[in-house]
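To start, the structure under review is shown below, and the notes come after it.
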Amino acid sequence: MILTWFILAILVGVYASNKGKSFLGYFFIAALLSPLVGFIIVFVSKDKTAKEQPIIIEKESVSDELLKLNELKEKGILSEEEFNEQKKKLLKQ
């Protein structure tokens, strides 16, 4: 019975460690209170290993946009009039 309690407490510590928590801290919580209580505490706590990454939106500079528009004009995809219209829109920003 005590061996089972100890093994379950170790498993709680390993589970906590996988979530970025302290192995020893949660092992002792599980060993002193109950492996079931320790598991519930670890399960409910936030996962420190899954950090939210900020969303970075890379906005191209106006000069990059103008270069792209110029390439389209040179390839004949945009007319001179369309090019000038898009250029005015970009420069107003």
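Being in a helix (DSSP H, G or I), of a type outside the set (S, T, N, Q) and closer than 13 Å to LYS48 by Cα is the filter here, so list the residues in region 1-22 that pass it.
Step one: of region 1-22, the residues in a helix (DSSP H, G or I) are 2-18.
Imposing the further condition that a residue be of a type outside the set (S, T, N, Q) reduces the set to 2-3, 5-16.
Hits for region 1-22 are TYR15, ALA16.
Give me the pairs, please: first residue somewhere in region 1-14 and farther than 7 Å from PRO35 by Cβ, second residue anywhere and at pLDDT below 90 and of a type in the set (D, E, K, R), beta-carbon distance under 9 Å, and either six or more positions apart or on two chains. Here the result reads GLY13/LYS21, each pair linking region 1-14 to a residue that is at pLDDT below 90 and of a type in the set (D, E, K, R).
The values are calculated or read from the model by the stated rules, or taken from the named source; none is laboratory data. Computed from a predicted model, the values in this text were never measured in an experiment. Every residue, glycine as well, gets a Cβ built from its backbone with ideal geometry; the counts of neighbours run over all protein chains shown.
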